[in-house]
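Contents: one structure, followed by commentary.
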Amino acid sequence: ESARSLGEAMAAVGESMGVKTSFLVSDMNQPLGRAVGNANEVREALAALRGEGPADLMEVVYELGALMLTSAGQSEDKAAARATLEEELASGRPLEKFREMARAQGGDAEADLELAPAREVLASRSGYVSAIDGEALGYALIALGGGRRSIEDIIDPAVGFEMNIRLGDKVEEGQSLLALLSNGRGHDEALALVEGAISITDEPPSMVPSLIEGGS
């Protein structure tokens with residue numbers, strides 16, 4: 001409810017300035033998509049530009065895109081907007097536009113975004129994934145070198161995680177929860193943070209929708 005209230009307040013600011021404004025509330029109780037990290041998240045974003053991203057990420061892409069198209073008067077309704085978005089992604093034009101923008105800024109649009117070696121983090125018990133502490137995962141990424149503690153720190157774009165579970169999933173002892181992408185820097189600290197970030201309980205958790213309809 002607090003997120004919805006904030007969205008409504010921001011929409012009211014936009015409307016007061018004469019700008020048609022819509023908002024969408026999404027669940028932030030777990031990472032969106034499967035990738036955490038710099039190169040890893042860019043790879044996932046490129047997959048989304050092909051229409052091949054994880055289902056929860058693609059749902060947000062389609063919902064936000066539909067809001068933009070309907071707000072701009074380019075589509076009559078959400079269904080028509082979604083059809084347009086799916087057609088565009090299937091055509092390959094969005095990915096090529098991204099590459100065009102990257103080249104225009106001196107980037108390598110065909111760069112191979114390498115990832116650090118992966119180590120699987122396994123479930124210590126059977127049960128249901130009842131909580132994923134996103135803040136702890138963020139600190140684990142920093143420990144690996146994927147973020148800065150001070151301005152002098154050097155970012156390692158190859159490190160991060162690949163999530164193999166979602167909230168509510170039933171897991172067995174020894175099942176892979178995520179792949180830890182590490183080049184050795186801060187590995188033990190990151191591993192401890194990751195292991196403490198995922199809670200497994202005997203009973204499944206109460207679930208909230210991944211997308212909560214917004215407004216305008």
0 to 90° range, to nearest 10: angle between helix 187-197 axis and the chain longest Cα axis: 70
Against the rule of thumb 2.2 N^0.38 Å, how large the Cα Rg of the range 123-213 comes out: 1.20
The range 1-94 shape via C-alpha gyration tensor axes, a/c threshold 1.5: oblate
Shape metrics for the range 60-216, restricted to C-alpha atoms - Rg then Dmax, Å: 20.1, 53
Accessible area in square angstrom per residue, the range 104-216, 1.4 angstrom probe: 55
Cα centroid separation, the range 128-142 to the range 49-121 (Å): 26
Accessible-area composition of the chain, carbon plus sulfur, in percent [1.4 Å probe]: 54
Rg/Rg_globular for the range 106-150, with Rg_globular taken as 2.2 N^0.38 Å and Rg from C-alpha atoms: 1.69
Amide H partners (placed H, <5 Å) of Leu122, local residues excluded: Leu177
Where labels lie 7 Å past Cα in the beta-carbon direction, separation of Arg93 and Asp202 in nm: 5.7
Sparsely packed trypsin sites (Lys or Arg not before Pro) within the range 1-68, loop by DSSP, other Cβ within 10 Å at most 14: Lys20, Arg50
Residue-by-residue Karplus 3J(HN,Hα) for the range 102-119, coefficients 6.51, -1.76, 1.60, Hz, glycine and proline x: 5, 5, 4, 9, x, x, 9, 5, 10, 4, 8, 7, 6, 10, 5, x, 9, 10
Per-residue [θ]222 nm for the chain (sum of -39500 (n - 2.57) over DSSP H runs n ≥ 4, rounded to 500): -13500 deg cm²/dmol
Neighbourhood charge, 10 Å Cβ-Cβ cut-off, centred on Asn40 and excluding it, Lys, Arg +1 and Asp, Glu -1: -1
Summed residue charge, Cβ within 13 Å of Ser199's Cβ, Lys/Arg positive, Asp/Glu negative: -4
Partner aspartates and glutamates for Lys78 [C-alpha distance under 18 Å; skip if fewer than 8 residues away on the same chain]: Asp56, Glu59, Glu63, Glu86, Glu87, Glu88, Glu213
In Å², nearest 10: area of Phe23 left accessible to a 1.4 Å probe: 30
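The values are calculated or read from the model by the stated rules, or taken from the named source; none is laboratory data. Fair warning: this is a prediction, and the values are worked out from it, not measured in the lab. Quick reminder, even Gly has a Cβ in these numbers, built from the backbone with ideal geometry, and neighbours come from all protein chains shown. Just the protein is used for accessible areas: all its heavy atoms, side chains included, with ligands, DNA and RNA removed. Shrake-Rupley method; radii C 1.70, N 1.55, O 1.52, S 1.80 Å.
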